[in-house]
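Since the structure comes first, as structure tokens, the remarks are kept for the end.
The values are calculated or read from the model by the stated rules, or taken from the named source; none is laboratory data. Just so you know, these numbers come straight off a predicted model, no measurement behind them. Neighbour counts run over all protein chains shown; Cβ positions are idealised from the backbone, glycine included.
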Ligand code: GDP
Ligand code: MN
């Protein structure tokens, strides 16, 4: 789960990382008022779950409150990486002496947190990572012990020759490691970590991604969820207990079980098609889940055919069939639907679908995939 910059900064603050407070605003009037209250130069920042806001025009400096309000109007009108801007953070502007990068990610291969730092922080860090990876210094650390002070000092000295500045940076790194562990993050990032012209270090931006499994166990983390700021269909899928990941292709896939879903997508590719999504309807599947799955898939305008691949174990084929029929009665989609149903109550499932006359049967996975690809290629 992603959280907003202002939420990440609140967490940083609790762990003793210096941040500038500010105010979250819902419209330009509130932005004007917040800027007036803060006084002086401010930064107006889109709160969306996407990086690269600055480059997209979502971060603007303003010298007066009038200018802040006016600039926020343009920011509220933006869509950044598909996400509309509903909230803006107004915060005091900083005179920057230098921008560093500091971030922790979960390195799944090593099964350890990995702290990464660079002297070349700021909006071009992706380019630095791609073109000059040696400028990013990395160290794994023990999740039981946290980033040890000597590790933090080694990293800090690698990016800052001045001894006293390096000590200050090392202090921030230790705390960032604590943040990562405390909130069960998969990513905790300060970019930029700035040295201010009047001295001191400050987290100017913050990004934290949380481990969904931890969020489920921690009401304090769950409270950070902002359902408005995620894709409506992904949020609906989550609420219905479906694992859904949208992709670029045109074959909508509805499968039970993550492994079978992956195999189905591989087979779509194998036969020259492109899957429109990964969708696992899970174990015991109710008609409501199938209805939701079809609704989510048909909302994707690229989809030209829907492919069901269901292995009935705990998931009963007749339940899925009933879900398909109910969904089609409700949705009136004209998309071709190809179904491969096998396993528990297979005959009953076929019977329900046959009676409805709304789906195309396939006996095997190969047949189903090829038929879906063929149908997707036919212009409606
Ligand atoms: P991002 O583009 O989403 O990463 O947003 P950031 O909050 O990191 O801001 C992008 C860039 O805007 C920073 O790297 C800074 O160069 C600049 N910026 C942001 N806040 C300030 C500020 O208070 N003062 C100055 N001078 N520049 C800022
Ligand atoms: Mn940033």
Of (1) crowded, with 20+ Cβ neighbours inside 10 Å; (2) over 24 Å from residue 127 (Cα atoms); (3) in contact with a strand residue (DSSP E or B) (Cβ under 7 Å, 6 or more places away or on another chain), residue 46 fails just (2)
Could we say that residue 31 is surrounded by 17 or more Cβ atoms within 10 Å (Cβ to Cβ), outside any loop (DSSP other than H, G, I, E, B) and either near ligand 1 (Cβ under 10 Å from one of its atoms) or under 21 Å from the mean Cα position of the chain (by Cα) (or both) here? no
Taking segment 49-69 and the residues there that are buried (at least 17 other Cβ atoms within 10 Å of the Cβ) and more than 16 Å from ligand 2 (Cβ to nearest atom), the one that is farthest from residue 82 (Cα to Cα) would be 65
**Q.** Flag for residue 221 being crowded, with 17+ Cβ neighbours inside 10 Å and either within 13 Å of ligand 1 (Cβ to nearest atom) or within 22 Å of residue 126 (Cα to Cα) (or both)
**A.** no
Of 363, 321, the only residue that is closer than 20 Å to residue 263 by Cβ, over 31 Å from the mean Cα position of the chain (by Cα) and in the same structural domain as residue 280 (by TED's automatic domain parsing) is 363
Of all helices (runs of 4 or more DSSP H) fully inside segment 229-318, the set with 3 or more residues that are closer than 30 Å to residue 26 by Cβ is 232-239, 287-298
Notebook entry, point to check: Just a yes or no: is a residue in segment 321-338 over 19 Å from residue 291 (Cβ atoms), outside any helix (DSSP H, G or I) and in contact with a strand residue (DSSP E or B) (Cβ under 9 Å, 6 or more places away or on another chain)?
Noted result: no
Quick count over segment 100-139, residues being under 25 Å from residue 64 (Cβ atoms) and either surrounded by 19 or more Cβ atoms within 10 Å (Cβ to Cβ) or at pLDDT 95 or above (or both), is 0
**Message:** Given the condition touching a residue at least 40 places away in the same chain (Cβ under 8 Å) and part of a strand (DSSP E or B), answer yes or no: does some residue in segment 70-80 qualify?
**Reply:** no
Check: Any chance segment 206-217 includes a residue that's under 30 Å from residue 100 (Cβ atoms) and assigned to a loop (DSSP other than H, G, I, E, B)?
Finding: yes
Residue 106: passes all of (1) in the same structural domain as residue 152 (by TED's automatic domain parsing); (2) touching a helix residue (DSSP H, G or I) at 6+ places or on another chain (Cβ under 7 Å); (3) away from ligand 2 (no atom under 16 Å from the Cβ) but (2)
The residue from 355, 375, 350 that alone is buried (at least 17 other Cβ atoms within 10 Å of the Cβ), over 33 Å from the mean Cα position of the chain (by Cα) and in a helix (DSSP H, G or I) is 350
Flagged pairs (Cβ under 6 angstrom, 6 or more apart or on separate chains; first in segment 195-211, closer than 16 Å to residue 92 by Cα; second outside any strand (DSSP E or B) and away from ligand 1 (no atom under 12 Å from the Cβ)) are 201/168; 201/172; 202/18; 203/12; 203/17; 206/12
In segment 193-210, anything within 8 Å of ligand 2 (Cβ to nearest atom) and surrounded by fewer than 22 Cβ atoms within 10 Å (Cβ to Cβ) is listed as 207
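Residue-by-condition table, conditions (1) touching a helix residue (DSSP H, G or I) at 6+ places or on another chain (Cβ under 8 Å); (2) farther than 30 Å from residue 156 by Cβ:
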position: 188; (1), (2): yes, no
position: 198; (1), (2): no, no
position: 203; (1), (2): yes, no
position: 224; (1), (2): yes, no
position: 234; (1), (2): no, yes
position: 246; (1), (2): yes, yes
position: 265; (1), (2): no, yes
position: 280; (1), (2): yes, yes
Every listed condition ((1) surrounded by fewer than 15 Cβ atoms within 10 Å (Cβ to Cβ); (2) modelled with pLDDT under 90; (3) under 20 Å from residue 336 (Cβ atoms)) holds for residue 291 save (1)
When every residue in segment 160-179 that is farther than 19 Å from residue 105 by Cα and touching a residue at least 12 places away in the same chain (Cβ under 8 Å) is compared, the one surrounded by the fewest Cβ atoms within 10 Å (Cβ to Cβ) is 167
When every residue in segment 109-155 that is in contact (Cβ under 8 Å) with a residue 60 or more places away in the chain and part of a strand (DSSP E or B) is compared, the one farthest from ligand 2 (Cβ to nearest atom) is 113
